[in-house]
1. Where the centroid of each part is defined by its Cα atoms, how far is the stretch 187-261 from the stretch 142-160 in Å?
2. Got the relative contact order for the stretch 8-179 handy, in percent, Cα pairs under 8 Å and 6 or more residues apart?
3. Note the full-extension length gain between Glu151 and Ala193 as 0.36 nm times their separation in residues minus their Cα-Cα distance, in nm to one decimal.
4. Rank by packing, highest mean first: peptides 142-148, 57-63, 98-104, with packing defined as the count of other Cβ atoms within 10 Å averaged across residues.
5. Please list 106-117, 251-262 highest first by mean number of surrounding beta-carbon atoms within 10 Å per residue.
6. Anything over 25 Å Cα to Cα? Flag those among Lys52/Lys278; Lys39/Lys218; Lys31/Lys65; Lys47/Lys225, in the order listed.
7. Mind giving me the FRET efficiency for Asn41 and Leu230? R0 is 35 Å, r the Cβ-Cβ distance, nearest 0.05 is fine.
8. Arrange the peptides 16-24, 66-74 so that the one whose residues have, on average, the most other Cβ atoms within 10 Å appears first.
Amino acid sequence: MTTEQHSISVLGCGNIGLSIAHGLVNSGLYKSNQIILTKRNTESLEKSMGSKGFQVTADNNLAVKKSKVVIVCVTPAQLDSLLESIRSVINPKYHVVISVVSGASIDDISVKLGSSGVAIVRAMPNTAIQYCQSMTCLAVRGTHHVAGRAEIEERKDQALAISEKIFNVLGNCIVLKEEQIVPATALCACGIAFFFRAIRAASQGGIEIGFHAEDAIKIAAQTAKGAATLVLEGGYHPEYEIDKVTTPMGCTIAGLNQMEHNGFSSAMIKGIVTSAEKAASLYSKKQPAPSTTTHHHHAPQAHQQDSASTTTTSTTSTANNNTESKSNNKRRTRNQNKSTRNQQQQQTTESNNTQQEKPDSNNNDQSHEQQQEQAPEQHQPSTASSENNEQQPQQPQQQQQSHQNNNSRRGKSNNSRRSNTKKEQEDPNNPWKKQENNHQHPAPVYDVNSVDEALAKARSRNTHQQNGRGNRRGGSGDGGGGRRHNGNNSRGGGGEGGRRQPHQHQHQQQEAN
Ligand SMILES: NC(=O)C1=CN([C@@H]2O[C@H](COP(=O)(O)OP(=O)(O)OC[C@H]3O[C@@H](n4cnc5c(N)ncnc54)[C@H](O)[C@@H]3O)[C@@H](O)[C@H]2O)C=CC1
Ligand SMILES: O=C(O)[C@@H]1CCC=N1
């Protein structure tokens, strides 16, 4: 099992599958003709991706037979039937199966594939993978893994090595124990949505204080990118960086404290914990195509309200889920006291959000599928996750529009966002389309034969980041938001002072792996 030239297949080309497919090409790691994409109804996929050289088929077996690496990107509810359909063509001695499916364990997948000898890697990326900016968490073994035959263990190691090569080129990746993949789902895969929401909220504030919407978004997004860069390249805890911004008696601390009074940190923590609880139960509960109007993708408020029952039932599902849910419960209890005082104000905010974000009556898996696969043309103007992504694969300017369309379809938009979307559709000169393309990746300069070259390039990017970490110093002061932590005990909510310590740097972990 090596990384010599091979084809790779993406089974289930919805949102994340397409993002991965684009990322594989944008990174230069694969050429489009080495990538096989599947979907049950391939009409739209053929038009959009087939025309760019991707191999498109509805035949998962054919895709698996032609590939070495198989990335499974269907929803938890769709997983069993997919695995059952490909089990006869999976060759344990050859294939590497990478699953991004939330909540489905390596054991679950092995059982459905009918073999414990298949090298299965769980990966949890986020949609920034399209521009090779994903944080991807990988796991090949759990804490209680009992080593099998040497041959199988070797296959697992090789599969992990191949996965690391791929996902390091598609952003940054770390290897975790399998139990941490569910929490990683919340922090990393869902997490990108939380930061989108933070950017949107910042831009809404910006509009209220006088910026045009497009300027507000640009300012908010670049500011968020700057904050992330300081944390990643500088290697300091965010609170240390906050101290540098908060001039005594100044306007930053006034704003930060106001946000904390309104439960900013508490809301983020509670959202992440709730997402982790939900992620733990997604496969074991396999919610097939709910017919209600509430759906976790589209109704954050309903999702939060669901969390209590999710917690209760998830603790009875599987051993892994048990552990994860219990630990989530502990964390939640720890945070509960601190968050109580913010709850009332937070509920008011949530209630306002709900009013803004009434779920679309079509927002459920079944109708999503029907929209995608049965009548895609009906949804062109305001869609869509998959179709629009397919149509605008490597053109971030247009893709930004597709995200807006996506938001619009999923009912995530607030009023100002909706009006932008409408404006975009109607106005060919809309400012969103004119935005500078900061994400353009160079044309592929190496193919899969040169995977190490691609990896070296990614590493050099990381090294550059690490080199920027000099000049560390501690700090102290009274920040308005969040308790300082030592890297192991991340808690938020309060406004306590204390000496800041540099957090454990992402790349240090990576080196250790
Ligand atoms: N959307 C995201 O950002 C992330 C999603 N995930 C996980 O990835 C999986 C997919 O999520 P999304 O892309 O959001 O869902 P999606 O619904 O957009 O995509 C699933 C796709 O699989 C296709 N499909 C279903 N059954 C199939 C079959 N038998 N053969 C071929 N194609 C089939 C569907 O037509 C659809 O296009 C989920 O398990 C989710 O938990 C993980 C990380 C991030
Ligand atoms: O929302 C979801 O269930 C999927 C998993 C992580 C991101 N999206």
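1. 42
2. Numbers: 333 pairs, mean separation 36.4, N = 172.
After rounding, I find 21 percent.
3. 11.1 nm
4. So the order, starting with the most tightly packed, is 98-104, 57-63, 142-148.
5. Packing proxy ranking, top to bottom: 106-117, 251-262.
6. Details: Lys52/Lys278 37 Å; Lys39/Lys218 35 Å; Lys31/Lys65 18 Å; Lys47/Lys225 34 Å.
The answer is Lys52/Lys278; Lys39/Lys218; Lys47/Lys225.
7. Efficiency computed from Cβ-Cβ geometry: 0.20.
8. 16-24, 66-74
All of the numbers you see were taken from the coordinates with simple rules; none came from a lab. Note that the coordinates shown come from a computational prediction; the quantities given were computed from them, not determined experimentally. Neighbour counts run over all protein chains shown; Cβ positions are idealised from the backbone, glycine included.
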